[in-house]
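See below for the structure under consideration.
The values are calculated or read from the model by the stated rules, or taken from the named source; none is laboratory data. Owing to the predicted nature of the structure, the values given are computational and were not obtained by experimental measurement. Please note: Cβ atoms are built from the backbone with ideal geometry, for glycine as well, and neighbour counts cover all protein chains shown. Keep in mind that these areas ignore ligands, DNA and RNA; they rest on the heavy atoms of the full protein, side chains included. Shrake-Rupley method; radii C 1.70, N 1.55, O 1.52, S 1.80 Å.
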Amino acid sequence: MSQEIEITGLNKSFGQGAAAFHALRAIDLTIATGEFFTLLGPSGCGKTTLLRIIAGFEEPSTGVLRINGKDVTGLGPDKRPINTVFQSYALFPHMSVAQNIGFGLKMLGKPKSEIKATVAEMLQLVRMEAMADRLPSEISGGQQQRVALARALAPRPRVLLLDEPLSALDLKLRKEMQSELKRLQTETGITFVFVTHDQEEALTMSDRIAVMSAGEILQLGPPQEIYNAPVNRFVADFIGDTNFLRLRLRVKAVAAGEAVLELPGGKQASARLPASISPPVGSLVTAVIRPEQAEPTPAGQGEMQAVVASATFFGTDTHLHLLLDDAQGFVLRRQNRPDQPSPAPGTKLGLTFAPGALRVLED
Amino acid sequence: MMGCAVARSRFSITRLPGFGLIAILTFVMLYLPIVILVAFSFNEGISQSRWEGFSLQWYQAAFNNSQVRDVSLRSLWLAVTAASFATILATLAALGTTRVGRFPGQTMIYALINQPLMVPEIVTGIALLIFVAAIKVQTGYTGMGYLVAAHTAFCIPFAYLPIRARLETLDHALEAAAADLYASPIQAFRYITLPLMVPGILAGFMLGFVISLDTVVITEFVKSAGQDTLPTYMLGQLRRSVTPEMNAIATLFLALSLMIVTAFFFITRTRGR
Ligand SMILES: Nc1ncnc2c1ncn2[C@@H]1O[C@H](COP(=O)(O)OP(=O)(O)O)[C@@H](O)[C@H]1O
Ligand SMILES: [Mg+2]
């Protein structure tokens, strides 16, 4: 697979000297052609800034950005084969839906007949044929979203940048547009760089995710890897729900990437140990386990003993808030079944988990 | 009890004693003199206080008065010319103060552009009189150029305000989107910024036009012989005699202003969205 976007040693700061604000630090990133790539991180972490640099609205302070192998430093947004779906849509209010979609092609100097044909094709692609002559103010938010998408796709860019395109939509429409976007990306084969602060959206849609915090990329990989093997506490906490436990390290086998931890109650369990960290044997380490990766057992059995403190009902499942032997908290996700009512507060139970579910993390 | 609680919880100015009376007096003072002026423009006789029957004779007299025709045409020509120049300059100023990011001295420039709103008109008038007199002596030129320049400068802030207001509500993302869709900076201006500015520009032109049409002080101090505009001509006539011909001219003048202000209102309301 060829590299569509290649970013090396990129930094971006706003302002000068001591007052400078470092919005992006040491970003290294390659995005492959045809990939659905997601930048995920909390608000203010620099996602939009990175997108604006790729689009050409901002210049990096240092570092190189290559698009399709070509250094694009100094090229304005009108000279890059990249289109953006803006967070606010930014539809031209004085132009009809069709004129909006045709704008890029018109600026590229395409003949009228070609513009007409492409606009018709795009209208069909986003299922907006009936709205071609409406003004943006005369269509709904979800429809504006589709027009913004069609407008950005019409010039057939190599790369499409999408800045939180679904954040303004209500839940049902958002789910619909998620699959719509995925379909469009597969149909067109265009590289998508997608920005979101919604981890679930990132997990369901992406080929790869870059998790960002405070201007840095903390982890980069496919959704399964990000979810199952978070590199640090921030990623583990940001993606999905996680139990953090403070446990004592008893044995470590760095080469095998394994460790043995002492659980509350005294039993020992094996855990995965990332190669990047090597805490001393006998010290307290942070270990994580996902709420759905532990299973309840009858009291007295299993690896750990716990007592139910409270339960929260979520429809498909219930979160049991437990207290372990040494008073650490633990959340257990239990699928709801009519024949198995969830245990009342005060109930004692045991916990067991599959090997590999427990993972030592860098603090 | 309920009514009492509502009255106490929400202050309403309409409940103040004398509210109705003051309101009526205000409207009377605002409109009664104008209504009387308009009414007597249709008076059969020459009196400004005794109604002698309906007639259009004073309008006829005004239309047949070649001096009135001349000064009216001069006023219109001056207002169109000055408002056009002022609108162009105000458009550039508005673009410069809203579309290039922040720069040092921005507030200062904003204040400077609005000078005619802050400096008393009589002061500007006297300053212009002295300034223009000096140039006239130096160059010998006594044409309409002085009036055009003075009116243009005077109209700029009135044209600037609606244009700037319009530009400030324009989302910068629209221009970014145009650039993203391969528009050069000039194309982005031509296809996005300019069309969206049009309501503001029209409003600015109309305000400038009305202001130029209306100003007496500036014209009075700057004009050379034979350069009377409608307002300065009327002022001059009034010093001699007040015939209902003046009422007729004033009524026509009023109608023109009302038309423009109404158009301004509709443009800013409907297209301003
Ligand atoms: N032009 C700018 N000048 C100064 N600071 C900026 C500018 N643009 C963005 N920032 C700062 O950079 C940080 C990252 O912003 P942004 O990229 O918009 O974050 P995100 O899109 O992840 O929410 C924020 O703290 C923001 O205040
Ligand atoms: Mg953002």
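Residue B:186 meets each of the listed conditions (1) part of a helix (DSSP H, G or I); (2) facing chain A (nearest Cβ under 8 Å) apart from (2). If you go through the range A:185-215 and pick out every residue that is over 8 Å from the mean Cα position of the chain (by Cα) and within 16 Å of ligand 2 (Cβ to nearest atom), you end up with 6. Residue A:153 meets all of the listed conditions (1) within 12 Å of chain B (Cβ to nearest Cβ); (2) within 16 Å of ligand 1 (Cβ to nearest atom) but one, namely (2). All conditions but one from (1) part of a loop (DSSP other than H, G, I, E, B); (2) open to solvent by less than 40 Å² (accessible area, probe 1.4 Å) apply to residue B:46; the one that does not is (2).
Taking the range A:156-176 as the region of interest, how many residues are crowded, with 19+ Cβ neighbours inside 10 Å and more than 16 Å from ligand 1 (Cβ to nearest atom)? Summing the residues that are crowded, with 19+ Cβ neighbours inside 10 Å and more than 16 Å from ligand 1 (Cβ to nearest atom) in the range A:156-176 gives 3.
A Cβ distance below 7 Å, combined with a sequence gap of six or more or placement on separate chains, defines the contacts here; from the range A:130-146, residues that are away from chain B (no Cβ under 14 Å) and part of a helix (DSSP H, G or I) reach residues that are of a type outside the set (Val, Ile, Thr) and open to solvent by 60 Å² or more (accessible area, probe 1.4 Å) in the pairs A:141/A:168. In the set B:160, B:146, B:191, only one residue is at pLDDT 95 or above and surrounded by 17 or more Cβ atoms within 10 Å (Cβ to Cβ); that residue is B:191. Identify all residues within the range A:49-76 that are under 21 Å from residue A:207 (Cβ atoms) and either out of contact with any Leu (no Cβ under 9 Å at 6 or more places or on another chain) or not assigned by TED's automatic domain parsing to the domain that holds residue A:9 (or both); write none if there are none. Of everything in the range A:49-76, those that are under 21 Å from residue A:207 (Cβ atoms) and either out of contact with any Leu (no Cβ under 9 Å at 6 or more places or on another chain) or not assigned by TED's automatic domain parsing to the domain that holds residue A:9 (or both) turn out to be A:66, A:68, A:69.
Being over 29 Å from the mean Cα position of the chain (by Cα), open to solvent by 10 Å² or more (accessible area, probe 1.4 Å), at negative phi and in contact (Cβ under 8 Å) with a residue 40 or more places away in the chain holds for only one residue in A:298, A:274, and it is A:298.
Checked against (1) away from ligand 2 (no atom under 16 Å from the Cβ); (2) within 14 Å of another protein chain (Cβ to nearest Cβ); (3) among the acidic types (Asp, Glu), residue A:163 passes all but a single condition, namely (1). Among the criteria (1) open to solvent by less than 50 Å² (accessible area, probe 1.4 Å); (2) at positive phi, the one residue A:127 does not fulfil is (1). Taking (1) within 20 Å of residue A:189 (Cβ to Cβ); (2) within 10 Å of another protein chain (Cβ to nearest Cβ); (3) part of a helix (DSSP H, G or I) in turn, residue A:122 satisfies each apart from (2).
Residue count for the range A:187-202 under the criterion of being away from ligand 1 (no atom under 16 Å from the Cβ), among the polar types (S, T, N, Q) and open to solvent by 20 Å² or more (accessible area, probe 1.4 Å): the result is 1. Among the residues making up the range A:37-53, those that are of a type outside the set (Gly, Ala, Ser) and either within 18 Å of the chain's Cα centre (by Cα) or within 12 Å of ligand 2 (Cβ to nearest atom) (or both) are A:37, A:38, A:39, A:40, A:42, A:45, A:47, A:48, A:49, A:50, A:51, A:52. Considering the range A:91-109, the residues that are among the aliphatic types (A, V, I, L, M) and farther than 9 Å from residue B:191 by Cβ include one that is surrounded by the most Cβ atoms within 10 Å (Cβ to Cβ), namely A:101. Go through the range A:28-84 and give me each residue that's within 17 Å of residue B:175 (Cα to Cα), within 16 Å of ligand 1 (Cβ to nearest atom) and open to solvent by 60 Å² or more (accessible area, probe 1.4 Å). Matches in the range A:28-84: A:52 only. Quick one: is residue A:58 of a type in the set (Asp, Glu), more than 10 Å from chain B (Cβ to nearest Cβ) and under 19 Å from residue A:180 (Cβ atoms)? No: the conditions fail for residue A:58.
For residue A:69, state whether it is modelled with pLDDT under 95, more than 23 Å from the chain's Cα centre (by Cα) and on the phi > 0 side of the Ramachandran plot. It is true that residue A:69 is modelled with pLDDT under 95, more than 23 Å from the chain's Cα centre (by Cα) and on the phi > 0 side of the Ramachandran plot. Scan the range B:209-233 for residues that are modelled with pLDDT under 90 and open to solvent by less than 50 Å² (accessible area, probe 1.4 Å) and the total you get is 1. The conditions of being more than 9 Å from chain B (Cβ to nearest Cβ) and over 24 Å from residue A:194 (Cβ atoms) are met by residue A:102.
Of all residues in the range B:163-183 being open to solvent by 10 Å² or more (accessible area, probe 1.4 Å) and over 16 Å from residue A:104 (Cβ atoms), which is farthest from the other protein chains (Cβ to nearest Cβ)? Ranking the candidates gives B:164 first. In this structure, is residue A:225 more than 14 Å from chain B (Cβ to nearest Cβ), away from ligand 1 (no atom under 13 Å from the Cβ) and surrounded by fewer than 18 Cβ atoms within 10 Å (Cβ to Cβ)? Criteria met by residue A:225. Scanning the range B:195-208 for residues that are open to solvent by 20 Å² or more (accessible area, probe 1.4 Å) and under 23 Å from the mean Cα position of the chain (by Cα), which turns out farthest from the other protein chains (Cβ to nearest Cβ)? So, considering only residues that are open to solvent by 20 Å² or more (accessible area, probe 1.4 Å) and under 23 Å from the mean Cα position of the chain (by Cα), the one farthest from the other protein chains (Cβ to nearest Cβ) is B:207.
Number of residues in the range B:233-252 that are touching a residue at least 24 places away in the same chain (Cβ under 8 Å) and outside any loop (DSSP other than H, G, I, E, B) equals 9.
Taking the range A:228-255 as the range and being closer than 16 Å to residue A:271 by Cα and open to solvent by less than 60 Å² (accessible area, probe 1.4 Å) as the test, the residues that pass are A:229, A:230, A:231, A:232, A:236, A:242, A:243, A:244, A:245, A:247, A:249, A:253.
Can you say whether residue B:60 is surrounded by 13 or more Cβ atoms within 10 Å (Cβ to Cβ) and either at pLDDT below 90 or polar (S, T, N, Q) (or both), as far as the supplied structure shows? No; evaluated as a whole, the condition is false for this residue.
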